[in-house]
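Shown next, in structure tokens, is the structure this report addresses.
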Amino acid sequence: MTAPTQVPFTDRVADMVRRELASVTAQGWGGLSRLLIAKLGVLLAGFHLFTAYDGTYYPFTQRAFPLMIGMALVFLVIPLAGIGSADANTRRTIPWYDWLLALLCIPAFGYIAFSPDYLANRWPLTTAFAPTTLEIVLSFVGIALIMEATRRLTGWVLVIGTLAALTYAYLGEFLPEGMISHRGFSIIHIIDFMYLTVDGVWGTALGVAATYIVVFIIFGAFMERAGAADFFVELVSALAGHTRGGPGKVGVLASAMVGSVTGSSVANVYTTGQFTIPMMARLGYRRATAGAIEALASNGGQLMPPVLGAAAFIVAAYAGVSYPTIVIASILPAALFFSSLLWFIHLEAVKTGMKGMPIDEKPKVIPVLKRRGHLLVPMIALIVLLTTGFSPLRAAFFAVCLIIAVSWIRAETRLGPKEIISALVLGARNSLMILATCAAVGLIIGTFTMTGLALNASSAIIALAGGQFGLVLVCIVLACLILGMGMNTVAAFMLVSVIGVPALLEIGVDRLTAHMFVFYAALLSHITPPVCLAVFAAAQIAGANIWATAFTAMKMGLIAYLMPFLIVGSPSLLLGEGEVFHIMAVIASFAGAMLIASGVQGWMFMRLNLLERVLFGGAGVLLILPSTDLRLIGSTCLAAGLITSAFIWRTPLTRALRPTKSET
């Protein structure tokens, strides 16, 4: 019998292209629109993969070219009503005005992309190099396009903040004399600074996004197309699904793994929550609790190395440290967050008598690993490459290539030509929000820089707190909650870091800790009412009341609210260079987090009364505080709680230390 002839890869690609063109021709104008969108997506993703391997271009080109393609894609893909509208995912026709806006992106941003030498050699804010009429027109068009794209992708909050910042730059001289008034700038000066230098739209924020972040978003898209998200859910279901409260633990671990490559709390909720939330509800969790667990876990996915919600590179750039330093610094805080959340879920399961997944429904570890375990190879390789001296760009590029290679091990994960193009388009679409957000935030940061508002605001925070160390920290966390409402974590971090980090440095916090403090505080906006995007998404899937879900998330995520203060008090958690590692401080932090969870839940080895909850909860708080004396007092409270449980309430000590079968 003659063996079947293998069709060459290039012939298969050519055949696929011919079929796609035939399909497009049959569908008419709508098919041509979709083909153009796909081509633009491939162009955007291909540009980033090419520069990741071959080296980046001059800053203006590296930042403006992706923005030109990305903004055009926004207007072709996202309808006027915004990303959350009913027709956002089912758009069939593109109205004429969106075609016009997409075409305007070419001159508005292409002028910057293709004029790097001129822009690099001109002297900004001088009469000899004053903006020309063409540059003034293009700047107005470009800023308007950025505002409209940002509105469609994120809503009005960031748009209003950006417009307020630009208005402040223009009208600051008319404000009352004080810390926020300034000499004022003309429209020409504002345009010059924001559009024709690397301090406004084309600043560090967009630079990091267009250089590093998008490449890792593309890596996540390839992992998703290969089936990594489903594999992670199956793997943790096999490992922990049968334990007490197993579905909740599955949600936490799956969201941590998926979040380590996707970099978006809301995306994590929709990726893993579609599976974990119904499973939790079916096995006994209240719907609000199931939604809260998924929201917390998905938000916590942004703590997970190596990507940290796409913010790792922003934090590294702003802190002036290497990317591996940020990855190492995030290990213990991520472990602390997820271990305390898992303990909280376990206590909830024990307290309410919930069981795990039925054994016959639980996947088996070995079959799961045999079927798709090879998808772990690219992630492991990425970490190895990063820790052995490869640049993040090269490491991400080779990791993407490795995904394609290992996907061919099994037919169900295989990435053929069609799947590769689909992954490129998905990566481009997933990067649109980051590109638009960073461009808009660049305008705000540019205003802070141009007017000196950043230093004035930092001084105002210190003055408001009366110079008290703890109050300064609280004020910065509140600023993160307010400024981060309705924004993604990257935008919230960049905004608050401009004013918060200088204040932290002023009161003696080191640079790395200051930036990580602001980053962890920025994460809180996604789980804190009134605008908590991750909670909203989880509540929608769970069919639960939004506010009940939000307040449950706040209660269960108490350690997340303490995390910023914890790393300031115990810098050993960040494993920073030159920092003395205090093992007892780390142990005390983990023990304190578990005790706080027990105090809030009202359960440790048995149900706790009010006195025991106060003792255990108080012991937890005191143990995580940066003071040996307070930790000794906390240890005393812990001992008192154990003695109270064991003797005063006539419960045998053995029962206090080892639960009975009915309690486990």
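If you scan region 559-595, which residues turn out to be within 20 Å of the chain's Cα centre (by Cα) and crowded, with 20+ Cβ neighbours inside 10 Å?
Matches in region 559-595: Ile559, Ala560, Leu562, Met563, Pro564, Ile567, Leu574.
Hey, can you tell me all the residues within region 628-643 that are surrounded by fewer than 13 Cβ atoms within 10 Å (Cβ to Cβ) and more than 17 Å from Gly569 (Cβ to Cβ)? Before the answer, list the steps.
Restricting attention to region 628-643, the residues satisfying the condition of being surrounded by fewer than 13 Cβ atoms within 10 Å (Cβ to Cβ) are 628-629, 632, 639.
Ala639, the sole residue that qualifies.
I'm checking my understanding of the structure. Among residues of region 261-301 that are among the basic types (Lys, Arg) and modelled with pLDDT of 80 or more, which one is nearest to Ala539 (Cα to Cα)? Show your work before the answer.
Applying the first criterion (among the basic types (Lys, Arg)) to region 261-301 yields 282, 286-287.
Right, trim to modelled with pLDDT of 80 or more and you get 286-287.
Working: Arg286: 11, Arg287: 8 Å.
Applying the filter and picking the extreme gives Arg287.
For region 169-185, indicate whether the set of residues that are within 34 Å of the chain's Cα centre (by Cα), crowded, with 21+ Cβ neighbours inside 10 Å, farther than 21 Å from Leu73 by Cα and in contact (Cβ under 8 Å) with a residue 60 or more places away in the chain is non-empty.
Yes, region 169-185 contains at least one residue that is within 34 Å of the chain's Cα centre (by Cα), crowded, with 21+ Cβ neighbours inside 10 Å, farther than 21 Å from Leu73 by Cα and in contact (Cβ under 8 Å) with a residue 60 or more places away in the chain.
Find the residue count for region 384-405, including only residues that are in contact (Cβ under 8 Å) with a residue 60 or more places away in the chain and of a type in the set (Val, Ile, Thr). Write out each step before concluding.
Our first condition is that a residue be in contact (Cβ under 8 Å) with a residue 60 or more places away in the chain; within region 384-405, this holds for 386-387, 392-394, 396-397, 399-400, 403-404.
Next, only the ones that are of a type in the set (Val, Ile, Thr) stay: 387, 400, 403-404.
Qualifying residue count, region 384-405: 4.
Looking only at residues that are touching a residue at least 40 places away in the same chain (Cβ under 8 Å) and closer than 30 Å to Gly284 by Cβ in region 362-381, which one is surrounded by the most Cβ atoms within 10 Å (Cβ to Cβ)?
Arg372
Which residues, taken from region 504-521, are over 18 Å from Phe551 (Cα atoms) and of a type in the set (A, V, I, L, M, F, W, C)? Working first, answer last.
Of region 504-521, the ones over 18 Å from Phe551 (Cα atoms) are 504-520.
Correct list: Leu504, Leu505, Ile507, Val509, Leu512, Ala514, Met516, Phe517, Val518, Phe519.
Could you say whether any residue in region 532-539 is hydrophobic (A, V, I, L, M, F, W, C) and in contact with an Asp or Glu (Cβ under 6 Å, 6 or more places away or on another chain)? Steps first, please.
Here is the first cut: in region 532-539, the ones hydrophobic (A, V, I, L, M, F, W, C) are 532-539.
Keeping just the survivors that are in contact with an Asp or Glu (Cβ under 6 Å, 6 or more places away or on another chain) gives 538.
Yes.
Would you list the helices (runs of 4 or more DSSP H) that sit entirely within region 276-335 and hold 2 or more residues that are over 23 Å from Val586 (Cα atoms) and in contact with a His (Cβ under 9 Å, 6 or more places away or on another chain)?
Qualifying helices (runs of 4 or more DSSP H): 287-300, 312-319.
crowded, with 24+ Cβ neighbours inside 10 Å, within 21 Å of the chain's Cα centre (by Cα) and hydroxyl-bearing (Ser, Thr, Tyr) - does that describe any residue in region 548-556?
yes
Given the structure, is Ser525 under 18 Å from Asn299 (Cβ atoms) and of a type in the set (S, T, N, Q)?
Numbers: under 18 Å from Asn299 (Cβ atoms): yes; of a type in the set (S, T, N, Q): yes.
So Ser525 passes the test.
Please note which helices (runs of 4 or more DSSP H) are completely contained in region 54-166 and include at least 1 residues that are over 22 Å from the mean Cα position of the chain (by Cα), among the polar types (S, T, N, Q) and closer than 24 Å to Gly207 by Cα.
Numbers: elements: 59-77, 96-113, 116-121, 133-154.
Per the criteria, 59-77, 116-121, 133-154.
Just name the residue that is farthest from Ile143 (Cα to Cα) out of those in region 171-217 that are among the hydrophobic types (A, V, I, L, M, F, W, C) and part of a loop (DSSP other than H, G, I, E, B). Write out each step before concluding.
Taking region 171-217 and keeping what is among the hydrophobic types (A, V, I, L, M, F, W, C), we get 171, 174-175, 179-180, 185, 187-188, 190-191, 193-194, 196, 198, 201-202, 205-206, 208-210, 213-217.
Checking the rest, the ones that are also part of a loop (DSSP other than H, G, I, E, B) come to 175, 179-180, 185, 196, 198, 201-202.
Values: Leu175: 25, Met179: 28, Ile180: 24, Phe185: 17, Leu196: 12, Val198: 15, Val201: 8, Trp202: 12 Å.
This residue is Met179.
Would you confirm, using the coordinates I've provided, whether Thr644 is polar (S, T, N, Q), at pLDDT below 70 and out of contact with any Cys (no Cβ under 6 Å at 6 or more places or on another chain)? I'd like the intermediate steps shown before the answer.
Working: polar (S, T, N, Q): yes; at pLDDT below 70: no; out of contact with any Cys (no Cβ under 6 Å at 6 or more places or on another chain): yes.
Considered against the rule, which asks whether it is polar (S, T, N, Q), at pLDDT below 70 and out of contact with any Cys (no Cβ under 6 Å at 6 or more places or on another chain), Thr644 comes out as no.
Can Ala537 be described as outside any loop (DSSP other than H, G, I, E, B), closer than 30 Å to Phe275 by Cα and of a type in the set (A, V, I, L, M)?
Details: outside any loop (DSSP other than H, G, I, E, B): yes; closer than 30 Å to Phe275 by Cα: yes; of a type in the set (A, V, I, L, M): yes.
Yes: the conditions hold for Ala537.
The values are calculated or read from the model by the stated rules, or taken from the named source; none is laboratory data. Small disclaimer: the values here were computed from a predicted structure and weren't measured. Positions of Cβ are backbone-derived with ideal geometry, glycine not excepted, and every protein chain shown enters the neighbour counts.
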